[in-house]
1. Given points 7 Å out from each Cα along the Cα-Cβ axis, report the T179 to T47 separation in nanometres with one decimal.
2. Between E187 and S246, what length in nm is gained on full extension when 0.36 nm per residue of separation is reduced by their alpha carbon distance?
3. Return the distance in nm (one decimal) between the two label points of a simple spin-label model at A237 and V211, each offset 7 Å from Cα along Cα→Cβ.
4. Hey, what do the phi angles of segment 52-67 turn into as Karplus ³J(HN,Hα) couplings, whole Hz, using 6.51/-1.76/1.60 and θ = phi - 60°, x for Gly and Pro?
5. Note the direction-averaged projected area, equal to a quarter of the hull surface, for the Cα convex hull of segment 61-102, in nm².
6. At what distance in nm do the modelled label points of W65 and D97 sit from each other, each positioned 7 Å from its Cα along Cα→Cβ?
Amino acid sequence: HRHSARRRTRMPCALGVISVTLAACAGATPLRGAATAAEVASLFTPTGDAPTEQDVLDCVQRGWWESATHLVRLAHDRGLAVDEMSQVLSAATRSRDEASEVLSLLRYGGSVGAHAEETVVACAFQWAQSEGALHLNVKFSSRIDGPVTVLNVDNEKVKLGERRLDFSATGRQKPKQFTLQLDLHGEIVPESSSWSFASVGRMTFTIAKAVNETWPRLLKDQSARPTNMHHWVERQASLDAEAKKSPPAPKPAAEGKADAKSAGDAKPADGEAPAADEKAAASVKPATGSSDKQEL
């Protein structure tokens with residue numbers, strides 16, 4: 001019991017060390033004269049000066065999270081683009097990851113045995129596609145039909161190459177490493193692609209294709225297909241419905257004249273049914289350059 005009590009006492013101390021370290025890293029740069037977190041609220045009011053990114057960054061570096069939250073909300077209310085505060089985002093993410101590692105050590109005892117239990121989980125996922133993009137639904141579990149292994153992940157890393165996707169993250173509730181590596185069938189555009197956390201235990205990717213076309217399969221090598229890879233049926237149905245609503249490309253005038261000329265010199269009288277050849281020609285759809293058949 002004395003050992004457990006001592007552990008509980010040390011946890012706040014460890015977190016306090018993190019705050020002190022963050023404050024030391026901030027150096028002597030003044031936050032408009034605020035010496036404590038309590039003074040920040042009196043310096044920045046709804047009718048006073050609007051906070052800058054540097055003001056928010058100073059709070060984050062000092063570990064004044066309530067003050068940082070106050071300034072971000074105040075900046076948002078003033079109409080400032082808080083989503084463009086890249087330095088604040090980087091600093092907050094770094095602090096979160098470092099704190100998560102400390103908390104994991106505290107939760108699992110910090111022993112070598114706890115780290116030895118860490119396992120790698122290949123994420124189950126579903127995929128769908130439109131002509132312009134791939135859509136992935138990734139689950140933090142090895143099975144798409146089973147419960148999620150963890151609700152949240154930290155230290156997420158996403159790398160997109162010309163024909164490659166690499167993802168890794170560390171489970172927040174359990175010491176597990178989640179990964180997904182895919183060699184894709186065609187080229188993609190990383191800078192036009194995006195990803196985000198979706199419902200609890202999941203994340204989604206929207207990956208832009210280099211060429212607008214339907215891929216016959218997702219992977220470069222079909223024999224390397226993971227067993228926990230599945231079609232995203234609901235999303236595919238939605239994408240197909242959206243594609244049908246899109247208006248067809250207008251037919252060039254010159255092409256229309258050529259078709260009329262090739263149909264024959266004689267024109268049917270008003271009310272007369274078109275010739276069989278014309279019916280056949282009308283039923284033929286132009287090729288898209290790729291097969292409609294799609295492998296899983």
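Bear in mind these aren't lab numbers, they're just calculated from the coordinates by the rules spelled out. From a predicted model like this one, the values you see are computed outputs, not experimental measurements. Backbone-built Cβ (ideal geometry, glycine too); neighbour counts: all protein chains shown.
1. Here the modelled spin labels are 5.9 nm apart.
2. Values: separation 59, 0.36 × 59 = 21.24 nm, distance 2.46 nm.
Extra length available between E187 and S246 comes to 18.8 nm.
3. 3.2 nm
4. 9, 4, 5, 4, 5, 4, 4, 5, 4, 5, 8, x, 8, 6, 5, 5
5. Details: hull surface 12.2 nm².
With every direction weighted equally, the projected area is 3.0 nm².
6. 1.8 nm
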